[in-house]
Amino acid sequence: MTRAPIPYGRQVIDEEDIASVVDALRSAWLTTGPRVGEFERAFAEFCGASEGVAVNSGTAALHAAMRALKIDQGDEVIVPAITFAASSNAAVYEGGTPVFADVDPETLLIDPTSVDQKITTRTRAIVAVDYGGQPADYDVLRELAAGREIRIIADACHAPGATYKGRKVGTIADLSAFSFHPVKHLTTCEGGMVLTDDSEVAARMRRFRNHGIDSDHRSREKAGTFAYDMVELGFNYRLPDVQCALGIAQLKRLPGWLDKRQAIAARYDEMFSELPFVRPLATRSDRTNAYHLYVVRLDFNQLKVDRRRAFDHLKAAGVNANVHYAPVYHHSYYRERFGYRPGLCPHAEAAYHEILTLPMFPTLSEADQDYVVAKVAELKHLC
Ligand SMILES: Cc1ncc(COP(=O)(O)O)c(C=O)c1O
């Protein structure tokens, strides 16, 4: 019998999720209705923030955050080199210039020393990516931003439920963006949210997600008017009620899933301690890791193969590893538009050739995890 490939990430959908979506489908609201606010309140409360603004992707959440901070033409936004392109694209949408900072080679989190070197008089924001699920070095980043017109945006798409010095991600940065894509911790199919403690900023982001229109149709109905004003150029970034219904049901299981992810990571760590050529990313003791991704660095000095061959070996064995991520400035758009060249962030570039993302999702069985580790162990004997 051939074994089904093991993906690197996978959603978990149960009957409660399905019932919640069916209820929404049977209701009067398909798009913006009561479940949007309910999901916003529930997710914000889970993270300890006072306001949540639901949007239709993590990318839209980052874009809304950039607009809320009034990032504009010529403003520089510092982004780690190792992240998904959306972290920096969001600045580009608003005319900002992404400036790439190197990463800490042990954690792949944005390196505050590199950030410090990249700050100029035009720097307006730092995007702190909680890479893989581990919170960035927020205190040091905050110190760098203090006394300057620099704000911190958390790209917390990997890290709902993670904590930094006892505080939940979502309450630490000026604005925090989350994604509800199916490989993430909880899903709304596509979806995202921005968290903030500033109700005025939240109101502006709600306007931004609705074309820049100053009221929604329900508030107009209430006021007995049909008139509305579009006061800025916004987008249709609304997250439908039907999708929020899924998010509401999923959120109830998030704490249990976080425990599962941490247990799977601890088990991997223990098993890989027997394989000296496998180095899981370092975790810092003052924070908890939400483990969206389980990333290892392979020591190719101890192997006779390169990363491509290691990846292909796992794939042929039905272990669908992945690579998160190539340095963003390697993409041709960034090279051509901004003139970035190799050599910009040496730690990120070195890490890119050595990292592999191994399967990590709450329903990963111990048998499948053992199989993944056994296939990784075989890399030692490949030539
Ligand atoms: C770090 C990071 N930021 C932003 C995003 C964008 O999220 P979405 O796919 O929901 O637009 C992702 C999604 O993979 C991500 O990993």
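Since every read-out is calculated from the coordinates, none of them should be taken as a lab result. Note that the structure is predicted; figures quoted are calculated from it, not measured. Note that we place each Cβ from the backbone using ideal geometry, even for glycine, and neighbour counts take in every protein chain shown.
Do any trypsin sites (Lys or Arg not before Pro) in the range 131-191 lie in a DSSP loop with no more than 12 other beta carbon atoms within 10 Å, and if so, which?
Listed in order of number, the matching sites are R148, K165.
What ranking do T171, T188, T121 get, fewest neighbouring Cβ atoms within 10 angstrom at the top?
Sorted ascending by nearby Cβ count, the order is T121, T171, T188.
Which angle between 0 and 90 degrees, to the nearest 10, do you get for helix 366-377 versus the longest principal axis of the chain when only C-alpha atoms count?
Orientation of helix 366-377: about 50 degrees from the principal axis.
Most mobile of A68, A90, A154 per a Gaussian network model of the chain (Cα springs, under 10 Å)?
Sorting by GNM fluctuation, first place goes to A68.
Can you sort W29, W257 from fewest to most other Cβ atoms within 10 Å of each residue's own Cβ?
In order of increasing Cβ crowding within 10 Å: W29, W257.
Report Rg (one decimal) and Dmax (nearest whole number) for the range 15-251, counting Cα atoms only, units Å.
Rg and Dmax of the range 15-251, Cα atoms, are 17.8, 59 Å.
Just to confirm my numbers, what's the Cα centroid distance between the range 234-309 and the range 152-212 in Å?
Rounded to whole Å, the Cα centres lie 18 Å apart.
Order of R218, R204, R209 from fewest to most other C-beta atoms within 10 Å?
Lowest to highest Cβ neighbour count: R218, R204, R209.
At 0.36 nm per residue, and after removing the present C-alpha to C-alpha distance, how many nm does the segment from I13 to Y93 gain when stretched out fully?
25.5 nm
Apply 1/(1 + (r/R0)^6) to the Cβ-Cβ distance of F338 and V22, taking R0 = 41 Å, and write down the FRET efficiency to the nearest 0.05.
Efficiency for this residue pair is about 0.30.
Full extension from E232 to H381: what is 0.36 nm times the residue separation minus their Cα-Cα distance, to one decimal in nm?
Taking E232 through H381 to full extension adds about 47.6 nm, to one decimal.
Report, in listed order, any pair from K165/K260; K184/K375; K260/K304 with a Cα-Cα distance greater than 23 Å.
The pairs that break the limit, which is 23 Å between Cα atoms, are K184/K375; K260/K304.
Amide H to amide H under 5 Å from N210: which residues, 5+ apart in sequence or cross-chain, H placed 1.01 Å off N in plane?
F235, Y237
Obtain the nm distance between the two label points defined at K304 and D269 by a simple spin-label model: each point lies 7 Å from its Cα along the Cα-to-C-beta direction.
Calculated label separation equals 3.4 nm.
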